[in-house]
Structure formats: C-alpha cells, structure tokens
Amino acid sequence: VLHIRPLTDLLLHQLVNKTDRYQLDESDISLISTASALHDLGKIVIPTEILNKPGRLTAEEYAVIKTHTVKGARILRDLSNTIGEENEPLLQVAYAICRWHHERYDGGGYPDGLQGEQIPIEAQVVGLADVYERLVSRPVDGHARTHSEVVQMICTGVCGAFNPLLLDCLQDMESEIARAMQDTPEET
C-alpha cells in the first residue's frame, strides 16, 4: 500500500502530460492516488492461510484470492449506503479501483472481463502500479528482479495486457518510479 500511492501519482501525472484524453486535473490525481490505498481492501475477508501461503497457490486458492475484488467493492458500496454517501467521490473512485484493478486491456482480467476503455482509467493505472510493485517488492518465485526487468516483463505482456498509453508512461518514468520505490519506507 505504501508504494501504490506514489506509483499511481507518478503514472497519472505522466499520463496527463502525454495526453488530454482523460481530462484529469490535480484534484482528480490526488483523489485517485488516495483511493489507490484501498485497492486490495477485499483481502481482509480472504483466509490468512491463503494470503500468507508461501509458494504457489492451488487453482482453488487462486479462485478464492480473485474474489477480493468483488468483496472489496461490496464493502465500499455497503459503507456508502450505511453512511448515506452514495455519491461520495472518494468512495466511488475507490469502488472502481477495488473492483476492476485486475481487469486487463485485452479483456483477459477479472472479475468482469472488461477490456480497453471499459475499464475506468483509475483502475487501469492502479492495476499497472500494483503489478509493478508486486514484481519488484514481492517476487513469487523468489527471484529478485530489477526495475528494468519488471518494466520489460510488463511491456512485453508477461503480466497481461495494459493500456499502451500507460505502458509508454511506465517506460518514460522508469527512473523516477525506481527512485520512488526506494524513497518509500518499507512496510513492517
């Protein structure tokens, strides 16, 4: 979570410098970056023995992990309803991020199989930041990767398909992103 916010912020700033396609201003970037911290909220209801399992997950365990997107979105929707703030911008953005940050540009993600611009830009950016952070900080196979290796893996589609504009932003910001990962305090 500590890395996702600065990564999201950097990618969004580069995106608005590259294109006016998404019409994001500083308040939008701040809102999305803040909401990015809730992207994995649904993992609070996933059994800890699955979340903390060393090594690879079974197909059944992976199916359980994949439910965190819908469960997190449901928590946010229920919170909105409970406090009577269905139109609260932070909760709306957090909902979109939580539910769709594992969707992929080619439709190969989950939970809804959205593709391309059907995926809200905030979820696209956080999804990219999440994959980058996970590969750099917590390699599943125990193989530590450099920032350049991770960018190469993402850009060649090893980790699923992403918006080509966001891939350009990632490549443009590679050194700034690597620095942000080093400057962000590690989780304890």
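The values are calculated or read from the model by the stated rules, or taken from the named source; none is laboratory data. Just so we're clear, the structure is a prediction, and the values are computed from it rather than from any experiment. Here Cβ is always computed from backbone atoms with ideal geometry, including for glycine, and neighbour counts include all displayed protein chains. Quick note on the areas: whole protein, heavy atoms, side chains included, nothing else; ligands and nucleic acids left out. Shrake-Rupley method; radii C 1.70, N 1.55, O 1.52, S 1.80 Å.
Where does the charge balance sit around Asp168 when Lys and Arg score +1, Asp and Glu -1, over other residues with C-beta under 12 Å from its C-beta?
-1
Grab the DSSP H runs of the chain that are 4 residues or longer, score each as -39,500 (n - 2.57), total them, divide by all residues and round the 222 nm result to the nearest 500 deg cm²/dmol.
Value at 222 nm, helices only: -17500 deg cm²/dmol.
If you plug each phi of segment 153-166 into the Karplus form 6.51 cos²θ - 1.76 cosθ + 1.60 with θ = phi - 60°, what whole-Hz ³J(HN,Hα) values come out, in order, with x for Gly and Pro?
Coupling constants for segment 153-166: 4, 5, 6, 8, x, 4, 9, x, 8, 10, 3, x, 4, 5 Hz.
Calculate the length of the line joining the C-alpha centroid of segment 36-60 to that of segment 78-111, in whole Å.
That distance is 18 Å.
With a 1.4 Å probe and every protein chain kept in, tell me what percent of the accessible surface of the chain is carbon plus sulfur.
Whole-percent figure for carbon plus sulfur exposure: 51.
Taking only pairs that are 8 or more places apart or on different chains, how many Lys pairs in the chain have Cα atoms under 21 angstrom apart?
For the chain, the number of qualifying lysine pairs is 5.
Can you compute 3J(HN,Hα) from phi for each residue in segment 120-129, using the Karplus curve 6.51 cos²θ - 1.76 cosθ + 1.60 with θ = phi - 60°, rounded to whole Hz and x for Gly and Pro?
x, 4, 4, 6, 4, 5, 5, x, 5, 4
Rounding to the nearest 20 debye, state how big the charge dipole of the chain is about its Cα centre with +1 on each Lys and Arg Cβ and -1 on each Asp and Glu Cβ.
The calculated dipole for the chain is roughly 580 debye.
Net charge within 14 Å of Glu103 by Cβ-Cβ distance, Lys/Arg positive one each and Asp/Glu negative one each, not counting Glu103 itself?
Its environment carries a net charge of -2.
Determine one quarter of the surface area of the Cα convex hull of segment 1-49, which equals its mean projected area, and express it in nm² to one decimal.
That works out to 4.1 nm².
Specify the residue with the greatest mean-square fluctuation among Gln152, Gln115, Gln92, computed from a Gaussian network of the chain linking alpha-carbon atoms under 10 Å apart.
Of Gln152, Gln115, Gln92, the most mobile in the Gaussian network model is Gln152.
Against the 2.2 N^0.38 Å scaling, with N counting residues, where does the chain land? I'd like the Cα-based Rg ratio to two decimal places.
Dividing the Cα radius of gyration by 2.2 N^0.38 Å gives 0.99.
Any idea of the accessible area per residue across the chain, 1.4 Å probe, to the nearest Å²?
Solvent-accessible surface per residue comes out at 51 Å².
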